[in-house]
Each structure stands twice: as C-alpha cells, then as structure tokens.
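This report concerns only the one structure given below.
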Amino acid sequence: MLIDINPADNQDVKNRFRRISTFLFLCGCLAMAVTAFGLIKDKNPLGNKEWQMPPIYAINTNIPAPNTRSEETPWNLILVNKWNTIPDNYEVELMELTNGQSVDKRIYPELQEMFDAARSENIYPIAVSGYRTEMKQKSLMKEKIAEYKAKGHSQEEARTKAEEWVAVPGTSEHQIGLSVDINADKMKSTGNDVYEWLRKNSYKFGFILRYPADKTDITGVIHEPWHYRYVGKEAAAEIYKRGICLEEYLNKTNQ
Ligand SMILES: [Zn+2]
C-alpha cells in the first residue's frame, strides 16, 4: 500500500534538508578554517618568514639533566689539603687588591664587604697574602727548610718541621686564590682583635677559619688564626654554627 505524501509536506521536508545541509557545510568550513589557522600559527608564531622550528633538546642524551650536574663540587667548595692536591690545569681569574695581593675575582666582593664591616666597628684588617703561584709556594717552602737547617736540623728534620708551617706546593689553598691570610693593620688594631672579629663574623661574608685549633688532626695543619677560606655564605654559616671544619662539612676526612 502506497503512503500518500502531501505535496506541501514534501516541500517542507526538502526545505528542512536544505537548511541542515547548509548548516553542516558552514560547520565544515569553520572547522577547516580553525585547523588551518592553528597550523599556520604554530609554524610561524611571530609572522616572520625566517622563523624555524626550534631544536628538540630532550632527544640529546649527552646533555646531563640539571639535577645530575648539581652533584659536582661547586667551585667554592673545592677541597685542597695534604690528601687532595690541586687538579691539573686549575685556572683562576684573579682580581688585584690595592696592596698588590690578588684573589679569585669571584670572592672579591664579599672580601671587600667583610673588610668594610670590620672597619665600621674600628677593626682594621689587612690582606697580607692571597693568591700564590706554585713557584711562590716552592720558594716559601725552601726558605722555611733553610731556616730550620740554620738552627742545626738535618735536611729531613728541617723538611718535616717546615711542612708544619708551609703547605707542600700543590696542596696550598693559596694556589687556588680562595684563601687570604689576614692580619691587623698594626697602627690601628691588635692581631688578637682582628682574629677575634674574623672568627665571630667571617661566616656572614662566606669565609671560614680554615684551620681551627681543635681540628688539626683532620685538616693536617696547625691552628692558623689568620688563614680564611671562602666557601660561600651557606656553607660558611653551617660550618660556623656546627663548629666543624671544611673536611667534616664535605664528609671527606681522608685519614
Ligand atoms: Zn694562609
């Protein structure tokens, strides 16, 4: 049996079909336009014809991730002592002080701040020895040995005694430019006043008393109240507050 379709209804269905088709067509056009715009935008965000895709960093496995880099010893915490000699080809960029001494240029600003702070409290320190070359360290050792030999000691005895006072060349922190021997400007301060001020305040500027009296077994060096070593403010504060030495801080008591 045929279903009779009203001609008016038939026209209505056709119109509705046309409207839906038009709507779907417009939707399609819109989707294509959005996609095309998005692609163009990604390819050339600045509208610059010379723009190129950036390199993909993640693929290169030779570049260590940032968190593995931090495991290396930072420059300010390098350990130099009898058991840890200065690495070969160690390079230092120096800054010359007004009295002719030099230090690693990275420690200069805090060294200056420390001296300014001391002077503001009527304490007058002077930097008597900063960076030393290997040659200078050798000549200091030679002089010290000669001094003991002149007092009647054998060569061997003289060397042993000299090594209590002068670091064996290659094991002196002065050769890396991170240490400074600080004494008093004798016209204005006493040595004890300067040493006492430094002992209490140097950590605020990133410096530590490197060879304390109660750590000679660990450092291998006699008490030197004048020898200050830059380690940075964070390490200096911890070393000072815990009453430890650099070897203990680094957990490297190599004996
Ligand atoms: Zn020194």
In region 198-220, how many are within 16 Å of the ligand (Cβ to nearest atom), within 26 Å of Arg119 (Cα to Cα) and touching a Phe, Trp or Tyr at 6+ places or on another chain (Cβ under 8 Å)?
6
Would you point out the residue of region 129-170, among those that are within 12 Å of the ligand (Cβ to nearest atom) and among the hydroxyl-bearing types (Ser, Thr, Tyr), that is most open to solvent (accessible area, probe 1.4 Å)?
Tyr131
Which residues, counting only those in region 228-242, are within 16 Å of the ligand (Cβ to nearest atom) and either surrounded by fewer than 19 Cβ atoms within 10 Å (Cβ to Cβ) or of a type in the set (A, V, I, L, M) (or both)?
Val231
Of a type outside the set (A, V, I, L, M, F, W, C), surrounded by fewer than 14 Cβ atoms within 10 Å (Cβ to Cβ) and under 29 Å from Lys161 (Cβ atoms), is that true of Lys186?
yes
Quickly run through region 69-104 and pick out the residues that are within 20 Å of Ala235 (Cα to Cα), open to solvent by 70 Å² or more (accessible area, probe 1.4 Å) and modelled with pLDDT of 95 or more.
Trp75
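The values are calculated or read from the model by the stated rules, or taken from the named source; none is laboratory data. Please read all numbers here as calculations on a predicted model, not as lab measurements. Ideal geometry is used to build each Cβ from the backbone, glycine not excepted, and the neighbour counts take in all protein chains shown. Remember, those area values only see protein heavy atoms, side chains included, never the ligands or the DNA or RNA. Shrake-Rupley method; radii C 1.70, N 1.55, O 1.52, S 1.80 Å.
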